[in-house]
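Notes to accompany the following structure.
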Amino acid sequence: MKEGKEYCFYCDLIAPEDKKIADEVNEWIENREVNELQEYFKGKSLMNRDLEEATLSGYDPQNDSQRLALEQAYQYIGTFNKRQGMLLQGRPGLGKSHLAAAIVKEIINQKHTGIFISLPRLMTELKATYGKNSSLKETDLLVALQKVDLLVMDDLGVERDGKDEASSWAKQKIYEIVDSRIGQATIYTTNYTAKELLSMYGERDFSRMVQDCSILKLEGKNYRLRNFM
């Protein structure tokens, strides 16, 4: 008896803990492809070291557009709904990748799944899956990218530099990923303008990329060149 009522030790203490463990196991099983891909990417060090250490508090805005981008980043994290995306656009060296990396890390800290990868490196990883000794199949990688709660695709447009055949293949892979993630949260960073991206990918593909995205244009001088100018 407890306070005049029958007391069930299992119901009050053990059952809730069992349910918590079961929920965690079910969540891991549901996100198995994403979790395994995250571990694979960690081993490959696909995020630059400076971005591994990126935080929102460590971002130093130099002008109003950058301060607005930082405010929007905090707001995005606070209202994350697994659907809304962002397009961070501007010249190199303005902190677009820094903000995107910091966002995805905060989203992961909220117990969501998230992956950050530059598109040129993603293309390299996709090609590597074609090798007979690859431990990862292309379909495994694409399914994980489809399922993740937040996908950051860094340097949109750069992956299309090169020969026409390679550029066409890269465009097709980007379309497959974008099409599979309609209605899911994706963040893009790019050095190109919206007009240039529209020309690169065509109306169909680009309209799907930005379908649920707010667009933030960062302006200013290249921070990485501050000591040389």
*Mind checking the dipole of the range 102-229: about its Cα centre, +1 per Lys or Arg Cβ, -1 per Asp or Glu Cβ, Debye to the nearest 20?*
300 debye
*asked:* At 7 Å along Cα-to-Cβ for each site, give me the label-to-label distance between L136 and N222 in nm.
replied: 3.0 nm
*Return the sequence-ordered ³J(HN,Hα) values of the range 96-109 in whole Hz as given by the Karplus equation 6.51 cos²θ - 1.76 cosθ + 1.60 applied to θ = phi - 60°, using x for Gly and Pro.*
4, 5, 4, 4, 5, 5, 5, 4, 5, 5, 5, 5, 5, 5
*Hey, can you grab everything whose amide H is under 5 Å from the amide H of S118? Only 5+ residues off in sequence or another chain; H modelled, so Pro and N-termini drop out.*
D154
*asked:* Could you give each residue of the range 117-130 its phi-based ³J(HN,Hα) in whole Hz, using Karplus coefficients 6.51, -1.76, 1.60 with θ = phi - 60°, and x for Gly or Pro?
replied: 7, 6, 5, x, 5, 4, 4, 5, 5, 4, 5, 5, 5, 6
*Taking all pairs of different Cα atoms in the range 137-198, averaging 1/r and flipping that mean, what Kirkwood radius in angstroms comes out?*
12.6 Å
*Rounded, prolate or oblate: which fits the range 108-229, taking a ≥ b ≥ c as square roots of the Cα gyration tensor eigenvalues, rounded meaning a/c under 1.5, else prolate when a/b beats b/c?*
rounded
*How would E71, E159 line up by accessible area, probe 1.4 Å, largest first?*
E71, E159
*asked:* Keeping all protein chains in place and using 1.4 angstrom, which order do D149, D164 fall into by accessible surface area, from largest down?
replied: D164, D149
*Could you please put S134, S57, S118, S168 in sequence from largest to smallest accessible area, using a 1.4 Å probe?*
S57, S168, S134, S118
*Accessible area of K137 in the full protein assembly, 1.4 Å probe (Å², nearest 10)*: 130 Å²
*Name the long-range amide H neighbours of M86: under 5 Å, sequence gap of 5 or more, or other chain; modelled H, no Pro or chain starts.*
T186, I187, Y188, S214
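Can you compute the FRET efficiency between S207 and S180 using 1/(1 + (r/R0)^6), with r the Cβ-Cβ distance and R0 = 22 Å? Round to the nearest 0.05.
Between S207 and S180 the formula returns 0.90.
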_As a quick test, which of the pairs K132/K171; K82/K171; K127/K217 have an alpha carbon distance above 28 angstrom in this structure?_
K127/K217
*How much solvent-accessible surface does M200 expose, in Å² to the nearest 10, with a 1.4 Å probe and all protein chains in place?*
40 Å²
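The values are calculated or read from the model by the stated rules, or taken from the named source; none is laboratory data. No experiment lies behind these values; they were computed from the predicted model shown. All Cβ positions, even for glycine, are placed from backbone atoms using ideal geometry, and neighbour counts span all protein chains on display. When the accessible area is computed, the model is the full protein with side chains, heavy atoms only, and any ligands, DNA or RNA have been set aside. Shrake-Rupley method; radii C 1.70, N 1.55, O 1.52, S 1.80 Å.
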